[in-house]
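As structure tokens, the structure follows; a few thoughts come after it.
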Amino acid sequence: MTRIRRGYIARRRRTKVRLFASSFRGAHSRLTRTITQQKIRAFASAHRDRDRKKRDFRRLWITRINAVIRGSRVSYSRFIHDLYKGQLLLNRKILAQIAILNRNCLYTISHEIIKIK
């Protein structure tokens with residue numbers, strides 16, 4: 001009995017998976033089962049870390065604002081509370097940018113909010 005040549009669909013699927021894992025080290029880029037496991041793991045990590053990145057950036061912004069605001073003898077929590085009471089809608093990302101690029105502007109904002117109160 002002669003040998004039957006297989007189709008190309010399974011090979012094409014494996015090649016596509018191999019291209020995804022081409023940058024992985026060792027067996028993780030060579031063996032099909034291991035590649036599949038690593039692919040699942042990579043997608044899970046990517047999904048988890050998308051949320052993690054949002055948390056980390058928020059923490060960074062809060063730290064930057066706090067570091068600059070402490071110079072004007074105001075705590076971070078008090079500053080944010082006064083912002084909300086004064087209905088000044090600036091998010092933490094913008095406040096962190098102001099803190100880095102123009103400290104005096106942030107000092108002015110905090111002093112104006114204290115005057116409004």
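The values are calculated or read from the model by the stated rules, or taken from the named source; none is laboratory data. Because the structure is predicted, anything quoted here is derived from the model rather than measured. So basically every Cβ, Gly included, is an ideal-geometry build from the backbone, and we count neighbours across all protein chains shown. Ligands, DNA and RNA are stripped out before the accessible areas are found, and what is left, the full protein with its side chains, is counted by its heavy atoms. Shrake-Rupley method; radii C 1.70, N 1.55, O 1.52, S 1.80 Å.
Can you send over the carbon and sulfur percentage of the accessible area for the stretch 6-116, probe radius 1.4 Å, protein chains only?
Ligands and nucleic acids excluded, carbon and sulfur reach 54 percent.
Could you order peptides 11-24, 75-88 by the average number of other Cβ atoms within 10 Å of their residues, highest first?
Put in order of decreasing packing, that is 75-88, 11-24.
Which lysines does K93 reach when only Cα atoms under 21 Å apart count, and residues fewer than 8 places away in its own chain are ignored?
The reachable lysines, counting only those whose Cα sits under 21 Å from K93, are K53, K54, K85.
Can you list the lysines whose alpha carbon sits under 28 Å from that of K16, skipping same-chain ones fewer than 8 residues off?
K39
Rolling a 1.4 angstrom probe over the protein heavy atoms, how many square angstrom per residue are accessible across the chain?
84
For the chain, what is the Kirkwood estimate of the hydrodynamic radius, computed as the reciprocal of the mean inverse distance between distinct Cα atoms, to one decimal in Å?
18.7
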